[in-house]
Every structure is written in C-alpha cells, then in structure tokens.
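Working notes, structure below.
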Amino acid sequence: MKKAIMLLLNGETLPQLFITIIRYVLPSEDHTIQKLLLHYLEIIDKTDQKGRLLPEMILICQNLRNNLQHPNEYIRGVTLRFLCRLTEAEIIEPLVPSVLSNLEHRHPFVRRHAVLAVMSIYKLPQGEQLLTDAPELIEKLLGTEQDPSAKRNAFLMLFNCAQERAVNYLLTNADAVPGWGELMQMVALDLIRKVCRSSRAEKGKYIKIIIDLLVAPSAAVVYECAGALVSLSSAPTAIRAAANTYCQLLQSQSDNNVKLIVLDRINELKISHREIMVDMIMDILRALSSPNLDIRRKTIDIALELITPRNIDEVVLTLKKEVVKTQSGELEKNGEYRQMLVQAIHSCAIKFPEVASTVVHLLMDFLGDSNVASAIDVVLFVREIIETNPKLRVSIITRLLDTFYQIRAARVCSCALWIIGEYCLSVSELESGIATIKQCLGELPFYTVAEEGEATDATKKPQQASSSVTVSSRRPAVLADGTYATQSAASETAISAPTLVSGSLASPGNLRSLILAGDFFLGAVVACTLTKLVLRLEEVQPSKVEANKACTGALLIMVAMLQLGQSSYLPHPIDNDSLDRIVLCIRLLCNTGDDVRKIWLQSCRQSFAKMLAEKQFRETEEIKAKAQISHAQPDDLIDFYHLKSRKGMSQLELEDEVQDDLKRATGEFTKDGDDANKLNRILQLTGFSDPVYAEAYVTVHHYDIVLDVTVINRTKETLQNLCLELATMGDLKLVERPQNYTLAPESSKQIRANIKVSSTETGVIFGNIVYETSNVLERNVVVLNDIHIDIMDYISPATCADVAFRNMWAEFEWENKVAVNTVIQDEKEFLNHIIKSTNMKCLTPPSALDGECGFLAANLYAKSVFGEDALVNISIEKQSDGKLSGYIRIRSKTQGIALSLGDKITLKQKGTSS
C-alpha cells in the first residue's frame, strides 16, 4: 500500500490496481492498513475526463458507511477525517445520515471529527442541499458538548459557515470566555477580528472581551489578545494594556525566539504610540537579563528611542549596573555586550549632557579593556564629553592621566594622547601629562649604539659577569601587551637575580611596548602630543628654566624614536609619514612662530568642535524632516468629538471613538501605498493569444512571497485538471503545490502560491500551466514568463559608525567591483542616483562632499531583513571630456547580496538613458 501511494504521488495512475485493492485490502481489520487505504482513496482520480464520477467508486461507499458505524472509535474517527478531504458530492450524499449520527457518539475523538466532517460537507458547492440544518445541529451540540476540542471544532464550524450564530453564542457567553479552553479562545479572537473589520461600530463590546482574556493562563492566547487590541483600537487604555502584556511575556517566556518576536511587537507600538510606551521603558529594560546578544541589542535600541528628561536618570542607572555586571561575569560575549552598553550610554549623554558626569568616570575604568572595540568606544565617548561638558574637563583629565598606563591598544592610546594634548591647560596638568608620557615610554635611549655594533664585532672579548655590565641577548622576550620582541631592543642588565617587579614603574610602559613592536604612527602621535604640551607650557609656565627643561626632554624622546626607527633592530624601519611628522615636531620646538603656534594650539580643537556641531545639526535636520511629513489634506473632513452622542458608552469605547476620529483627521486610515506602485507589481505571465491567460500580483513580506495568480480560460471549452506548476531557483522554496481546478469556458480563477525566502539572493520563479480538454486526451502546457524577485524589497537604508563600517569592510570576503558606465556628468547627481536606485544610506557627511574638485568618494550602507550588511564604496573621477569614470565596490558577508546589488547597479547606473 505504501509503495502504491508513493507511485501515485509521483504521477503514476495505476488504474489496474484499484479492483485488487478493493478485493483484498478493503476487508482487512488492521487499523494501519485501513488508514493507508483511506490515504490511497484520497489521492486516486475519482472522476473520468468529462468530470463524471467513475462507476467503481460506488464500491467504496458501502465500505465507508460500514466504517462510520464501526464499533472501534479510531476507525470511525479516521474515516470522518477522510470525508473532510472528499469533494465528490455523489460519494458523500449516502453517507450524510451516518456522519450526523456520529455527532452523538459517546467518544469525543469521534464527535470532534464528525463536526469537522459536517463543516467540510456544508462548505461544498452543494453542501447546503446535503445538510440543510447543519448550523442548527452544531449550535445545539455546542450548548451541550463538554470536550474542549469538539467544542472548539463546533465553534469553528459556526464561525466559518454561520457567522451570526457564532457571534450570538460569543456575546451570550461573554462572561464565560476567560474560562474556555485555549483552542476555543483562539477561535473567539479570530471571530472578533473578522467581525470588527466588517462593522467597526460595534468594537466596544468585543474589546471588553479581549481585555478580559488578557489574564488567560495561555501565553499564546495572551499574545494574540495583545495583537488584536492593537489592531482594533487606538485608545490609550487598550494600548497600555497591550504593552503591559508584551512586557510580561518578555519576562515570563524563556524561548529567545519568542522574546525577539515580542520585542518586534513592542518596537511597532513604539513607532505608533511613543507617548504611552515611554512609561514602559523600565519594564522593557528588564529584558537585558537575557544572555542573548540579539535580544539585548534590540532592547537597548528600543529603550534609546524612548528616553525623555523624566526617565533618563533611571535608564542610565540601569545601564551603569549592567556595565558593572560585565566585569564580574565570565561570559564569552561580555566584551561585545559592554561595547553595546558604552555606545548606549554615549548616545544618552549626547541627548542629555547633564547625565555625563555620572557615567564618564565609571566608563574610564574600561580604557584598558581587553576588548579593543569597547575601549575605543569609551575613549571616543570621553573625547566628545570633554568638549561638550567644560565643567568635567579637570576631573576627566586627572582621571585619564591616572589610568593612562592601563591602556594597551594603540588606537585607544592615540585618541587618549590627543585628549591629553588638547585639554591639559594648567601648569600642573601640563607637567603631569609630560611626566605620564615619559613614564610610559620608559628609560631612554630605546637601545644602545654599542649593542647595534655587537652583531658585527665578532672579536669582542667575553664580558665578565658583573652586576653593572650591559649585555645583549637575542632571545625573544614577552612584552607587557603579550607580544614578543627581540630583547636587544631594550638594554638589559645582567644581574644575578631579577629585580624587576611586575606592575612597578620599572616595568616597560605601554607606549614603549607598542613603539618597540614597530608602531611608529603612535610614535608620531606621542611627538605631536609632547609638542602641544611643551608649547602650551611655554605660555603658562613663569619659569623659563622649567619650560626649557621640558622642551629638551621632549626633543630627546623624539630623537630617540628617530634613532630607533632608522636602526637595523626592527624588521621594518619607520615609515616616511611618521618620520616627517616627528621631524616637523623637532623643527617646531626649535623655532616656533606665532602662526604655527596658533594652528597647533587652537585650530585642532576648533575643527573637532565644528565636527561635533555638524553631527548635531545633521541629526536635528533628520528629526525635522521626519516631522514635516503631511498626514492630512487641508480639505479633509474632521469630526468633532464633543458634538457626538455619548449615551451608554464605556470609558474605553469613548477613548476609542476619539482615537478613531484623530486617526481619520491625521490621515492614518489612508494607506500611503499609491495605486501606481501596486500596478507595478502585476506581472503578465502568458501572452494575450494563449488559450489560458495568466497574470500574477506579487506581495513581498519579510520571509515569504505571496503570488496571487489570476488564470482566465479564453477558450469555449471546459479546462479540466488545470494546475499551476511552479519551480524556484535561488534561496526560494515553494511551500505547497497548488491543487488542480476545473475551469468553465471564459471564466477565471484566483490561485494563491506561497514561497518562503531564506536570504537576500535574487531568486527566480518559473513554471507552466498544465490542463486537459475533453476533446484531446494529452495534456496541454503553457509556459509562463519568469518572475525575478527584486533585492530592493529586502534591503533598507541603515546607519553604522565609521569604525564599524571599516571593520566590516576588512572582514567581509565577498566583493563585487562594478565599473562606472553612465551618461550622468555630475558626480553628486550620479551619487544621488545610485542611492535612490539601491535604497541605501550615504554615510559620508554632506560637508565631506561639498565643493567641486572632479573627484568623489562616498560610503553607502544598508541592512537586509535577514540581518545581512551591504557595504558600497563609490569612487568616481571626472574625465577631461566631461564623462565620469571609476568603480563601485560592493562588499558583503554572503555572495548573494554582493551579486544581486552589483546586477541592480549595473542595470540602473546608466541614468537617463536606461
């Protein structure tokens, strides 16, 4: 039987097997064989080519009737389930009395399937003739039935076939709804949604039922109730109740996927009802207790958009506690989580500068963090706060000088040195700054000339073991940051017992370790910082002797760095840029002019202040642009709430009426999708001269595509077994195969196909329509046009920090390089055209794109619904003939998004000519 079923499913007909199965399999009492027999009967063709029932099908009617009266309830149940899938009225008609008798069977398994069988029979085209009084029977059964599943099926039958009876039953038993079973409550919610969509005037009494259901024990029911409340009502009470429900689910559910879905719902509420969600911010932040990084990231993102002057202190306090927790725990993702928290605190401090003082000192403890990205975020935060909060300058500088020796990352050191060079203003601060840098560089010189000559002087006498004699060893030594260096780069005194104590001032400093590892860019930053400190010290120090002493010390350090960079010790000599920078600093200290002094001591800080001001301005402009979108037209109708009758309305109904009127007034009921855009989504699948005309309306949701295919029979004949056969290419998957249909002459049919999407790769859907006609025995095939799924439906503009963009650019392995080929002759116009065509956001600030120089370089960024990052770099140059040339480079983690974006850009970049 299993083999026969598999062959039938694969397209074989096996007509000769039917009589054998009727003779030998039908009489069997074995339950498994009976179940397989029903599967077999379900999939065989029961009609001939003209659509008439095959005469041999009468043979199975008696067997089905016997099964429906079988003493075993399992046989009765599976037979009733089989009848749910039968569409042939001739087979079903003689079985109707037996089906109805099973509604009163003692066993609930039989009753619940009998109800479903009655529902499916009643829904057939001739169903109302076969079962005229089905709704009354089921309504009667619903009143007496005790089994929850059977009760739910009976209610479902009324919901689908006699909606008024279902509504009456629901309203009659409104007080008892919270005590119903979970399945029944879910059907009740579906019914409420359906009724409220068709008649919005009666929403109030149904919303009351939903609010009663919010205390149900089932999490699924509670979640659906919250969703129904939000979709049906905009009353503040209802929204608050839904938000509370989501926050409770966030706490009570352990499944991470459930938490992420609930956070998505909260995010949707935040967009449409921000003023209500602001009060829920502390409840939302409780989700940070989850160890999952995605949940934490989503929670922080939502919370940051709900910050107000009233709740900022509580939010920052919570974030500080979380930062402290990351120190104690040993979780592997702690560094990444700490980085997220630092960024969140950073954005809080920018929006509300008064909280900066409470967090900046705590965060400065993490400047020496082993997670470099987190330490960089901290130092950038400190740099911004010290400029925007002048009151905190002294305390930040003091703390930074105290903790500077803990910093281990070169990039963090560079930024911290810049802060020291720019914001040390008093004599004591300047002297402390110079002393700290000297201490971290260690003793000079970085190596001795005698050691360099040692390698070539083979005749040198053996040195005597003495506590004061300098020796050189070529063995590798472990530096403070954990890297290896040749020990001869730093002089080592041969002593009988080691005297260096770990962590003491005698141990090699962080700057020394990094410079000896060959980081001469950091050496150049040290030189610049010392130059600034000395120049400022000359202005504020009354004693010339002290100022000259500091200047001499700085010059000595710079010369020592140049000497090290040009020696044969290190595998790579100093780079030219760093060399030029250090030499410039030496020249400057030896001979300072007023103009140069002004540039070094004032211009750098002014440029930084200007950069921050521009960033702030850009953010403000974006907020203004969002606020200026018009929702309502000047001549739109407005209802006056105070002039309405309020008789017999509860507080919730009143609120709901007000909110509906407001929505109508602000244009929220009118959808923004314009009709022209909808027409663009209709794709012609066959030609106008084909016997079958088909067109598809494509609806793209996040993770699935719905194809609504309209098929029109253009012939004068009936088309039988018409089937839409689809196949997919790429990361697309057909969910189910559409069934066969019979199409009358010149009639049409709507066929729906669902396709799952698992990545942003451009996919192709192709297929054909197969049908039979009564005259011709063979099957006819109409091949359909291919449907290409557009990547633009899956990516949306997003923002990320420059550091994150550069890191991703370095990490991502897939690159697609597209040569510029366009008729557009203006660089900025071309950039705007690419941004519009690719649905991406330009990360390069407008100020960096100002001016006319014939060159343009910009970074674009977007994120897909699957969380994939798309990075684009545009580099173009204007040729002498006025044309643009250059390259557009796309990078991503997956191949699909890089190729799809490349194809899209190639297609669209021509501009006006395409």
Pop the C-beta distance of residue 427 and residue 616 into the FRET formula with R0 = 35 Å and round what comes out to the nearest 0.05. 0.55
Which of 169, 337 is most accessible, then next, and so on - probe 1.4 Å: 169, 337
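How do 23, 85, 536 rank by accessible surface area computed with a 1.4 Å probe, from largest to smallest?
If we order 23, 85, 536 from most to least accessible, we get 23, 85, 536.
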Of 134, 159, 120, which is farthest on the positive side of the dipole of region 120-175, counting Cα position, with +1 on Lys and Arg Cβ, -1 on Asp and Glu Cβ, and the Cα centre as origin? 120
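With +1 on each Lys and Arg Cβ and -1 on each Asp and Glu Cβ, how big is the dipole of region 741-874 about its Cα centre, in debye rounded to the nearest 20?
Details: 10 positive and 18 negative charges, 85 e Å.
In debye, rounded to 20, region 741-874 gives about 400.
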Counting only protein heavy atoms and rolling a 1.4 Å probe, one gets per residue an accessible area for the chain in Å² of 52
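Is region 551-627 best put as rounded, prolate or oblate by its Cα gyration tensor, with a ≥ b ≥ c the root eigenvalues, rounded for a/c under 1.5, and otherwise prolate when a/b is larger than b/c, oblate when not? Mind showing how you got there, number by number?
Values: a/c = 4.85, a/b = 2.04, b/c = 2.37.
It comes out oblate by the Cα gyration axes.
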I need the peptides 379-385, 37-43, 172-178 ranked by packing, meaning the mean over residues of other C-beta atoms within 10 angstrom, with the highest value on top. 379-385, 37-43, 172-178
Set Lys and Arg Cβ to +1 and Asp and Glu Cβ to -1, take the dipole of region 826-895 about its Cα centre, and tell me which of 876, 830, 890 lies farthest positive. 890
Sorting 897, 586 by accessible area (1.4 Å probe), largest first, what list results? 586, 897
Between residue 128 and residue 754, what is the label-to-label distance in nm when each label sits 7 Å out along the Cα-to-Cβ direction? 3.0
How would you order 301-309, 249-257 from highest to lowest mean count of nearby Cβ atoms within 10 Å? 301-309, 249-257
With Cα Rg over 2.2 N^0.38 Å as the read-out, I listed (1) 1.10; (2) 1.31; (3) 1.18; which label goes with the value calculated from this structure? (2)
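Might you report the magnitude of the Cβ-based charge dipole of the chain about its Cα centre, with Lys and Arg at +1 and Asp and Glu at -1, to the nearest 20 debye? Before the final figure, lay out each step's value.
On the way: 98 positive and 112 negative charges, 158 e Å.
The calculated dipole for the chain is roughly 760 debye.
Considering only protein heavy atoms and a 1.4 Å probe, what is the carbon-and-sulfur percentage of the accessible area of the chain? Display every interim value, and only then the final one.
On the way: 25010 of 47620 Å².
Roughly 53 percent of what the probe reaches on the chain is carbon or sulfur.
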Just read off the accessible area of residue 598 with the full protein assembly in place, 1.4 Å probe, to the nearest 10 Å². 120
Just subtract the alpha-carbon distance of residue 1 and residue 806 from 0.36 nm times their residue separation and send over the number in nm, one decimal. 283.6 nm
Based on Cβ point charges of +1 for Lys and Arg and -1 for Asp and Glu, what charge dipole magnitude is obtained for region 322-367 about its Cα centre, in debye rounded to the nearest 20? 120
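Provide the net charge surrounding residue 145, with neighbours chosen by a C-beta distance below 13 Å and charges set as Lys +1, Arg +1, Asp -1, Glu -1. Don't jump to the answer; show the numbers that get you there.
Numbers: positive: 106, 111, 112, 140, 151, 152; negative: 104, 139, 147.
Residues close to residue 145 contribute a combined charge of +3.
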Specify which residue in the list 720, 334, 19 is farthest towards the positive end of the charge dipole of the chain, using unit charges on the beta carbon of Lys, Arg (+1) and Asp, Glu (-1), about the Cα centre. 334
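Kindly flag which residue pairs out of 259/325; 320/391; 270/756 have an alpha-carbon separation exceeding 24 Å in this structure. The partial results should precede the final answer.
Details: 259/325 22 Å; 320/391 21 Å; 270/756 28 Å.
Those over the limit are 270/756.
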Distance from the Cα centre of region 59-81 to that of region 708-746, in angstrom? 34
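The values are calculated or read from the model by the stated rules, or taken from the named source; none is laboratory data. Keep in mind that this is a model prediction, so the values were computed, not measured. Quick reminder, even Gly has a Cβ in these numbers, built from the backbone with ideal geometry, and neighbours come from all protein chains shown. We work out accessible area using only protein heavy atoms, side chains counted, and drop any ligands, DNA or RNA first. Shrake-Rupley method; radii C 1.70, N 1.55, O 1.52, S 1.80 Å.
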